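Right, one structure below, let's go through it.
The values are calculated or read from the model by the stated rules, or taken from the named source; none is laboratory data. Everything numeric here is computed off the predicted structure, so don't read it as measured data. Neighbour counts run over all protein chains shown; Cβ positions are idealised from the backbone, glycine included. Protein only, heavy atoms only, side chains kept; ligands, DNA and RNA dropped before computing areas. Shrake-Rupley method; radii C 1.70, N 1.55, O 1.52, S 1.80 Å.
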Amino acid sequence: MDDLLNFLSFSDPNVRFVAFGTMLLGAAAAIVGTFAFLRKQALVGDAVAHSILPGVCLAFIISGTKNPIYLLIGASISGWISMLAVDYISRNSKLKSDTAIGIVLSVFFGLGILLLTSIQHSGNASQAGLDKFLFGKAASLTADDVTIFGSVAAVLILVVFLFYKEFKLISFNPDFAKSIGLPVKTLEFILSSLTVLAIAVGIQAVGVVLMAALLITPAAAARFWTHQLWKMILIATFFGASSALIGTFVSYSYPSMPTGPWIVVCLSMMALFSIFFAPKNGIVPQLNNQKINRLKIRNENILKLFYHLGEGNKNFFKGYTKQELLASRDFRIQEIVQGLDHLKKANKVRKLDDYWHLTSTGLVAAKRVIKLHRLWEMYLNQKLKLAPDHVHNDAEAIEHIITPEIEKLLEKELNYPKKDPHQSTIPYND
Amino acid sequence: MENIALETHNLTVSYNRKPVLWNVDFKLPAGQIIGIIGPNGSGKTTLLKSIMGLTPLSSGYVEIFGQQLNEVRSRISYVPQKESVDWDFPASVMDVVLMGRYSPKNLFKRISKKDKDIAAEALEKVNLLEFSNRQISQLSGGQQQRVFIARSLTQNADLFIMDEPFVGVDAATEQAILKLMQEMKEKGKTVIVVHHDLQTAKDYFDWIVLLNTRLVASGPKADIFNEELLQEAYGGKLNVLSKVGELVRQNDFPIREKQRK
Ligand SMILES: Nc1ncnc2c1ncn2[C@@H]1O[C@H](COP(=O)(O)OP(=O)(O)OP(=O)(O)O)[C@@H](O)[C@H]1O
Ligand SMILES: [Mg+2]
């Protein structure tokens, strides 16, 4: 607990610095990743992330130091080469692009592991910590590292901001962009370079193995929350930055823990949460919606039952026992019990002794459903030329979803008919 | 023909070295509605793409209003096939229509109020104004098509090049789109449309290009609609031509020496 407070209060300036730095990395990856996601380049991102390892190792071997600038240059170069390789293979061979990605990823990553192992066995004192590139370790970042990687991330964000409009267009419809004379090749080059750079700096936090998750997961999760690109980018940024923060915290509190897996675990939780609970698009709200619909249909069917019985008895307010109601229409007993309860709370029915009666509010509601049912039958019969004995089942469903606006249209279009195709009276609430 | 909107000169285009357009050579008059017609896979989309510089040419050249594409780009509006984009993209109808206002000149600049007015006007013309905030994935196929047409209207072009604008739209929308095209024509604009349906082609277009890998015919519709030419365009692939195409592909043969104008 003390750890958490200590961390959150940012009392240690070094912690503050590193936390801020990794949040920037997470944000940059999420922003650039949103475009990679929309351009369906998630797998390319993964290939580039893995392919960065040999670049980092070679930069270390050549320069002999862990100077972040050299490592960044090495990472970017090998990242770019891998991207070009994927492009070249899928363009000039019969192989599909996913195969090309698989080949490039394994070749580069294998090479990287080879170099990494040989460096570790070389006994070079300053090599310690190079293996952090596999899973990331925020706690081992130096102030220099953070300054450089953080600034690169900040520049990335700025460039996306500047080119937002154009990136949006080339992600949606590159052919159109070319047709109006936008320099699409250049813009694509810039966007790809941003991706490579975002990956190159992002691996400081999560490592090469899990970098693709930092790039793509925030966007994938954000997509559930909005239909607008700029909102999607903001939400993805929030997901990316906050998981980076949490991962860094864990890495600080438990020095044996690598940062990357924790960041990715957080991100995955956020993604899962989005998949299940995002309003409208999430699974739970959708189920919920279905449930609400089911209840509405049940209640309206009970009201209709009262109406039908009332029509037969020429008295809409006559009372019935549960058993009588059950006998008249195919309801399950729970449905009737719960439905009546519901309707009672809404003042549409009331109970006197053991008898259930429609109230006047209930009658209005019942009339409306009956009217919609019969109007819809009329509509199918007249406009779609369906035979009267074919229209009932359809109307059973449609009566529950017609909105007041459509109701008006329907009445008008049919010119307020008095009888439905079965010659039953259409009740109007006037 | 005094006023030429578009000319292709010996145009040849190949994919993976297999020619899909072979020596296509025609001139199209300005101020008319022109239909490009041919069976599936006859190279119609490819022809439009090569006109717009989206596909590399194996040989030949294209001139628009007597000039190179780059000099007249701002006067051309290209409407890609609706299926060529992912409509699940996070954007609203308005967002997409506003893309018609982008240009190399306003790189970095924000969209202005005036652009928004122009876009709203275009949406009104295609009867989609009430949908302007709707997410594009929630549109029907016909509405998506109209979004593309609205985007094209914002471009203020003199030449419209449309790939299958009538596909997947209902009869009412088809008539509405046609009416827009006729209005454009009255304003002296040229409209080039890729089209599938032979039946309606006769009523819709003033000028017709029949295409089937090579140019079958190009001319005023009265000259084009005869049994013989239609048979030629639709009566299966040209056997020898497609066989030679296959040979070229297999042997990696240069289809023709690249020539500059
Ligand atoms: N990117 C591509 N790579 C390889 N071959 C292609 C490519 N695009 C088109 N082709 C081939 O080129 C030929 C012409 O295609 P094109 O799309 O121009 O035809 P189309 O006339 O527009 O057909 P449709 O009526 O189906 O739209 C077809 O045989 C097609 O298979
Ligand atoms: Mg086509």
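Details
- Qualifying residue in the stretch B:56-73 (condition: within 16 Å of ligand 2 (Cβ to nearest atom), over 22 Å from B:D206 (Cα atoms) and either under 16 Å from the mean Cα position of the chain (by Cα) or open to solvent by 40 Å² or more (accessible area, probe 1.4 Å) (or both)): no
- Picking from residues in the stretch B:140-152 that are aliphatic (A, V, I, L, M) and away from chain A (no Cβ under 12 Å), the one that is surrounded by the most Cβ atoms within 10 Å (Cβ to Cβ) is B:A150.
- Checked against the criterion of being among the aromatic types (F, W, Y), assigned by TED's automatic domain parsing to the domain that holds A:D46 and assigned to a loop (DSSP other than H, G, I, E, B), the stretch A:219-236 has at least one qualifying residue.
- From the options B:I51, B:I33, residue that is more than 14 Å from chain A (Cβ to nearest Cβ), more than 30 Å from B:Q135 (Cβ to Cβ) and among the β-branched types (V, I, T): B:I33
- For B:P104, the stated conditions hold: it is within 30 Å of B:Q135 (Cα to Cα), at pLDDT below 95 and away from ligand 2 (no atom under 16 Å from the Cβ).
- Residue that is farthest from ligand 2 (Cβ to nearest atom) [pool: residues in the stretch B:1-52 that are crowded, with 20+ Cβ neighbours inside 10 Å and part of a loop (DSSP other than H, G, I, E, B)]: B:M52
- Screening the stretch A:138-187 for helices (runs of 4 or more DSSP H) wholly inside it with 2 or more residues that are more than 12 Å from chain B (Cβ to nearest Cβ) and touching a residue at least 60 places away in the same chain (Cβ under 8 Å) returns the ranges A:143-162.
- Candidates B:V96, B:V20, B:V79, filtered to the one that is modelled with pLDDT of 95 or more and more than 16 Å from the chain's Cα centre (by Cα): B:V96
- The set of residues from the stretch A:193-204 being open to solvent by less than 20 Å² (accessible area, probe 1.4 Å) and under 11 Å from A:S76 (Cα atoms) comprises A:L194, A:T195, A:V196, A:A198, A:I199, A:A200, A:V201.
- One residue from B:N16, B:N40 being near ligand 1 (Cβ under 9 Å from one of its atoms) and within 14 Å of chain A (Cβ to nearest Cβ): B:N16
- Annotation note: Cβ proximity below 8 Å between a residue of the stretch B:188-199 that is touching a residue at least 40 places away in the same chain (Cβ under 8 Å) and open to solvent by less than 50 Å² (accessible area, probe 1.4 Å) and a residue that is away from ligand 1 (no atom under 11 Å from the Cβ) and basic (K, R) (sequence gap 6+ or interchain) occurs for B:V191/B:K185.
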